1. For residues in the range 347-374 being open to solvent by 10 Å² or more (accessible area, probe 1.4 Å) and of a type in the set (D, E, K, R), which is nearest to the chain's Cα centre (by Cα)?
2. Only residues that are under 24 Å from the mean Cα position of the chain (by Cα) and closer than 18 Å to ASP287 by Cα: list them for the range 84-116, please.
3. Could you list all residues from the range 24-52 that are assigned to a loop (DSSP other than H, G, I, E, B) and open to solvent by 70 Å² or more (accessible area, probe 1.4 Å)?
4. Residues to consider are ARG774, ARG751; find the one that is touching a strand residue (DSSP E or B) at 6+ places or on another chain (Cβ under 7 Å), modelled with pLDDT of 95 or more and surrounded by 15 or more Cβ atoms within 10 Å (Cβ to Cβ).
5. Can you tell me which of (1) in a strand (DSSP E or B); (2) over 24 Å from GLU153 (Cβ atoms); (3) not aromatic (Phe, Trp, Tyr) is the one GLY55 doesn't meet?
6. Determine, yes or no, whether ARG328 is among the basic types (Lys, Arg) and crowded, with 21+ Cβ neighbours inside 10 Å.
7. Do any residues in the range 447-460 that are farther than 17 Å from HIS495 by Cα and at pLDDT 95 or above have Cβ atoms under 9 Å from those of residues that are crowded, with 22+ Cβ neighbours inside 10 Å and among the basic types (Lys, Arg), where the two are at least six apart or on different chains, and which pairs are they?
8. In the range 131-151, is there at least one residue being open to solvent by 10 Å² or more (accessible area, probe 1.4 Å), under 17 Å from VAL314 (Cβ atoms) and either in a loop (DSSP other than H, G, I, E, B) or in contact with a Leu (Cβ under 8 Å, 6 or more places away or on another chain) (or both)?
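The values are calculated or read from the model by the stated rules, or taken from the named source; none is laboratory data. All values derive from a computational prediction rather than experimental measurement. Cβ: placed from backbone, ideal geometry, glycine included. Neighbour counts: every protein chain shown. Surface areas here come from the heavy atoms of the whole protein model, side chains and all, with no ligands, DNA or RNA. Shrake-Rupley method; radii C 1.70, N 1.55, O 1.52, S 1.80 Å.
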Amino acid sequence: MIWKYDTIFHLETKNTSYCFRCMKSGHLEHLHYGAKISVERGIDAIIEKHNFTPGCSIAYSKEYPNITMEDVSLEVSSVGKGDVREPMIDLIHSDGSRTCDFIFEDAEVIHGKQEIATLPSSYDEKGNCMSLILTLKDKNSAVKIELIYTVFEECDVITRSMRVCNHEDGDIRILRALSMQLDLDEEDYVVTGFHGTWAREMQMSKHALVPGIHVNDSKTGFSSNRCNPFFMIGKKYTGETHGECYGGNLVYSGNHYEAFEVTPYQKTRVLSGINPAHFELIVSPGDKFETPEAVLTFSAKGYEGISKNMHRFVREHVVRGKWKKKERPILVNSWESFYFKFNESKLCSLAADAKKLGIELFVLDDGWFGKRDDDTSSLGDWTPDKNKLPRGLKGLSRKIRSLGLDFGIWVEPEMVSENSSCYRKHPDWALKPEAKEHSTGRNQFLLDLTRTEVQDYIIESMRRVFTEGSVSYVKWDMNRNISDVIAELGIDYHHTAGSYPHRYCMGLYRVLETLTNDFPDILFESCASGGNRFDLGMLCYMPQIWASDNTDAVSRAQIQNGYSYGYPMSVISAHVSGSPNHQTLRNTNLETRFNVAAFGLLGYECNLSELTKEEKEKIKGQIAFYKSFRYSLQFGEFTRIKDNGNVIQWLLYEKETGQGIALFLQKEAIPNQPHAKLRLRNLEPGQMYHFSNLQSTFHIKEFGDLINMISPVHIKRNSMLHALVDRFKKMGYEVEEYTCSGTLLCNSGVRLKEVFCGIGYNEETRHMPDFSSRLYCIEECSSFPEIQREEESDIVYLENE
């Protein structure tokens with residue numbers, strides 16, 4: 001809800017209040033964002049008192065000499081009136097001046113939400129949200145800004161954006177136009193950011209704020225794997241389930257900027273939006289500029305609360321279309337099976353084996369077009385390589401679909417290889433400065449998506465590919481950053497180099513909008529060398545994203561744990577790959593590779609045709625298990641139970657199905673640490689649950705020559721006899737099976753069976769060497785277990801159902 005009491009604005013969600021007022025000077029003063037409050041009476045209590053201007057400060061005006069903008073919590077800040085903190089907006093007027101002084105002019109409350117005309121944004125298909133549109137005018141010019149707030153009550157989310165409207169007679173030059181400003185009246189905060197690089201995305205880092213400025217940002221041209229636009233800021237005492245904290249994100253795929261500034265007056269300013277570094281945009285008279293939409297949430301119950309708010313918001317108000325709540329297929333991807341070295345026969349063999357195991361979708365990855373035998377050629381030439389696919393995409397797709405599988409394909413439409421027909425025909429389409437040496441990434445150039453003819457070429461090329469291949473799934477990749485940028489001053493003086501990354505982003509969005517509308521049934525998956533463009537902007541068009549090119553299960557567990565703070569599992573794609581892993585050379589058992597990938601959108605990326613019979617049977621069982629829990633695994637409520645650096649515990653629980661799956665992952669076996677507990681959260685307190693572990697087998701050879709402790713004859717390690725025993729004697733997992741209440745599982749937890757510690761082993765022992773894991777199933781029961789009494793005993797026995 002949105003309320004207005006005299007000069008007070010109160011934005012209210014289910015559990016939070018966001019309050020500000022219009023000061024007598026016309027400026028908007030931020031009063032409160034946090035747990036819900038009542039402001040009908042006593043509002044003066046939370047208004048900061050200003051009677052005198054501090055020394056060495058700027059008094060705002062003769063009329064208001066007591067106001068120092070540097071010491072006021074504001075909804076929007078600018079340059080030139082004494083606020084020396086980081087501004088939200090900075091522009092140069094047509095007369096060359098730079099001072100802005102935006103004061104209140106008008107307010108409008110509407111039911112629903114205005115779309116951002118030039119950029120993707122959130123939506124509300126039920127029409128339950130409300131929006132507040134504030135118009136502020138510059139006291140000394142004809143520039144106006146509109147601040148747009150939208151309240152998503154059930155998600156405890158408020159979004160913000162800004163429009164800059166030029167009513168001057170000449171051009172204005174925008175140097176900075178951010179989306180959100182949050183001025184907090186305290187200083188003891190810790191910022192949590194998510195940084196990394198290729199194959200090492202979303203590594204969580206914490207930074208205790210001190211006086212000065214801390215910045216998370218990207219200057220790569222995209223949202224980037226260096227620093228994701230999602231952030232959290234909380235008190236020093238805030239933890240996973242306790243304490244006050246805020247979360248923020250940006251619906252944008254280009255350069256972003258999040259600044260956290262602690263002032264000498266014990267205040268903290270938080271800003272988010274397009275990165276002002278190298279940014280410059282010219283707005284003509286009568287035109288306007290729209291900023292991306294910023295997303296804000298508050299939790300009084302720790303970082304878990306932030307995650308649950310963000311997960312609900314992304315699922316309900318960002319992801320859209322047919323696949324919003326539709327279960328995603330289990331796929332096999334050809335990349336790590338063959339890389340560039342394949343033909344139609346190998347692909348069909350892989351597909352046939354995939355079908356036998358229960359896989360539903362076959363995805364042809366890179367190498368199918370032009371003369372693409374390595375990564376040095378053919379991007380931009382979207383015609384099948386007849387040497388590999390003599391019947392083209394149409395023929396291959398027909399064969400794949402005749403097996404009972406859907407057909408998917410990999411494309412990288414934003415790129416062009418120097419060694420390609422496309423480049424030879426249109427060298428001017430490549431993003432590179434003329435007569436200057438240009439840097440490449442992965443041996444390729446970016447196509448200039450600011451140009452309409454380039455956008456149209458991509459659209460038409462992809463229409464042809466998707467139609468010819470009867471495509472059900474598209475993996476849309478992007479494998480390099482923007483380096484050199486160009487200013488098309490000879491074409492249009494408005495197209496400055498500083499505006500290029502933003503205009504590229506807008507061109508990309510036009511392409512995606514067109515193709516996703518043309519092919520509404522296709523499941524699109526975004527990819528950018530893995531997680532180099534994992535953001536809410538891409539999720540407006542594609543309901544899932546390839547989280548990382550690193551398919552190593554142990555690495556992926558940490559990466560997916562990082563993503564989970566801001567993004568739900570229903571948008572995170574994860575694959576089971578070969579062992580040793582192709583990125584780390586780590587050997588990890590098949591169970592752990594599946595267990596981690598199951599907490600996401602499951603796929604397989606290994607040569608199924610070369611697996612052993614035992615491995616195929618295990619995968620067949622994994623897929624059957626995943627299908628039986630698919631909705632809960634893809635759309636259940638996610639909880640991080642534990643992450644102590646060595647042990648990761650997760651839970652996905654779906655109330656509608658009454659199903660939950662918990663993961664226990666151990667990176668390193670610790671000597672003589674036999675006991676472990678799995679204490680769940682967020683189950684129904686009054687509900688009974690059946691708790692059990694997913695069964696599997698392992699090789700007796702893993703005990704090495706310890707086998708001789710029980711063998712009547714000596715068995716030499718790695719001998720033929722050792723192999724023979726291993727072949728016929730399979731070791732099973734311990735059995736954990738209980739029926740108990742939600743309160744027991746959450747308030748006490750399950751004490752798991754003792755782990756092997758070098759002293760002894762039996763069927764009740766957990767076999768947990770390095771990189772081991774377990775999945776535990778939690779399923780609602782219809783009733784409490786029966787109680788039976790023995791005639792000659794006062795002992796009460798509970799029999800499991």
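1. GLU360
2. Result: GLU115, ILE116.
3. LYS24, LYS36, SER38, GLU40, ARG41, LYS49, ASN51, PHE52, listed by residue number.
4. After applying the criteria, what remains is ARG774.
5. (1)
6. When the stated conditions are applied, ARG328 passes them.
7. Correct list of pairs: empty, since none qualify.
8. Checking the range 131-151: not a single residue is open to solvent by 10 Å² or more (accessible area, probe 1.4 Å), under 17 Å from VAL314 (Cβ atoms) and either in a loop (DSSP other than H, G, I, E, B) or in contact with a Leu (Cβ under 8 Å, 6 or more places away or on another chain) (or both).
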